[in-house]
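The values are calculated or read from the model by the stated rules, or taken from the named source; none is laboratory data. These figures come from a predicted structure and were not determined experimentally. Every residue, glycine among them, receives a Cβ derived from its backbone with ideal geometry; neighbour counts consider all protein chains shown.
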Amino acid sequence: MALALYRKYRPRTFAEVIGQEHVTEPLSQALRSGRLNHAYLFSGPRGCGKTSSARILARSLNCEQGPTPEPCGQCDSCRELATDGGSIDVLEIDAASHGGVDDARELREKAIFAPAKSRFKIYVIDEAHMVSSAGFNALLKLVEEPPEYVKFIFATTEPEKVLGTIKSRTHHYPFRLIPPKVLRPYLEQLCEAEGVAVEPAVFPLVVRAGGGSARDSLSVLDQLIAGAGPEGVTYTRAAALLGVTDAALIDEMCDALAAGDGATAYATVDRVAEAGHDARRFASDLLERLRDLIVLQQVPDAATKGLIDGPADQIERMAAQAQRLGPATLSRCADIVHNGLVEMRGTTAPRLLLELICARMLLPGADDSTGGLLQRLERMERRLTLAGTDAPPAAAGPAPVASPPPVRPEPVPATTGADPG
């Protein structure tokens, strides 16, 4: 039975942890210099490497060649703490089910005993925010002044819920979500190692579905690989499985907005419904596209800088859309879609709301706000620009000078009677 990708490729050294250099480098330096603390707090979103880094730190502390940031992997301690192994001197505790005061007292009583055969006795307390206040208070004295052979590593997604007196006695390392420009090459490398063909357009979908979490991204990729045919993971199958709106529908809607074509916009909504797509997901994907177009207008090389991600042909289409849609139009449409997504929560008629969103985007004249006024002015400027472009060019040569009108002599008034002279 094959291991899941996130277990198979779990990092075993700090050098293998991606996207967390602000944590792994200081920890590695502390291991080299020997300036070690007795308690550490790893916090951050799920799936970003907290528990894996805690296990690596435990291996680094108890390696026969250590403490070292690069455990040898050959000694008894390293082998016991391998991906699927365990050590009698390294205890992983799930605080979600062992966070009471009785569990804390039991841990405190056992901590006084020296490690069986390792350098340190290490307690890795996962989901530390689930420890009750009474449990933290029972641990306070031990965490404050533990025996020299005891180390604590707390891992949590909610550091603000950890008791302040406990947090103040730890070295706090905040983990972050992994950016797409780091996560995508990592996924491509794993697919190459697995020998699986994956279309390039699939990776942005996986990165987005993972939300910056390495574990979630690997779980999504694992599911796609498991259901792939002999041709590998295709964009069509990945989009259908992940519920992502087909990019062609988003392109049609953006082109309709640029042309002010209501018929095409409502036909696109109908195609969304006929294809079985969720109206909320379509609105969310449309909002993301509008965001990308706004970025492209301000940063033409956004794809090169990693601000947006996608296949080269899609980036070209988006660049053309960004030129046709002005900044005022994009900003107003993004606001309308965002507010519409809020209105869609809990609604029983999402398609109706989606059609109303389209009506608001296509009718800036009905909007007396500043955004509607700016969009109308932008449309007028574009029409005037196009009219000036379509006008026939003037004939070559200097313009003829109009001749002045002929000068007529003034009539002489008739005289009556004799000359007075």
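For region 66-83, the count of residues that are within 25 Å of residue 224 (Cα to Cα) and in contact (Cβ under 8 Å) with a residue 24 or more places away in the chain is nonzero.
Restricting to region 210-229, give me the number of residues that are touching a Gly at 6+ places or on another chain (Cβ under 9 Å) and in a helix (DSSP H, G or I).
The total comes to 10.
Is it the case that region 48-71 has a residue that's touching a strand residue (DSSP E or B) at 6+ places or on another chain (Cβ under 7 Å), at pLDDT 85 or above, of a type in the set (Val, Ile, Thr) and assigned to a helix (DSSP H, G or I)? Checking region 48-71: at least one residue is touching a strand residue (DSSP E or B) at 6+ places or on another chain (Cβ under 7 Å), at pLDDT 85 or above, of a type in the set (Val, Ile, Thr) and assigned to a helix (DSSP H, G or I). Tell me yes or no: at least one residue of region 74-81 is closer than 18 Å to residue 39 by Cβ and either of a type in the set (Asp, Glu) or not assigned by TED's automatic domain parsing to the domain that holds residue 61 (or both). No - not one qualifying residue is present in region 74-81. Selection over region 131-150 of residues that are among the aliphatic types (A, V, I, L, M) and either over 11 Å from residue 105 (Cβ atoms) or not assigned by TED's automatic domain parsing to the domain that holds residue 108 (or both) gives a count of 4.
The set of residues from region 213-243 being more than 22 Å from the chain's Cα centre (by Cα), farther than 27 Å from residue 272 by Cα and among the aliphatic types (A, V, I, L, M) comprises just one member, 226. For region 87-177, the strands (runs of 3 or more DSSP E) that sit wholly inside it and include 2 or more residues that are in contact (Cβ under 8 Å) with a residue 60 or more places away in the chain and either crowded, with 19+ Cβ neighbours inside 10 Å or of a type outside the set (Ser, Thr, Tyr) (or both) are 121-126, 150-156, 171-174. Only a single criterion out of (1) assigned to a helix (DSSP H, G or I); (2) among the hydroxyl-bearing types (Ser, Thr, Tyr); (3) at pLDDT below 90 is not satisfied by residue 83, namely (1).
Of the residues contained in region 245-255, one or more are found to be among the β-branched types (Val, Ile, Thr), surrounded by 15 or more Cβ atoms within 10 Å (Cβ to Cβ) and farther than 29 Å from residue 20 by Cα.
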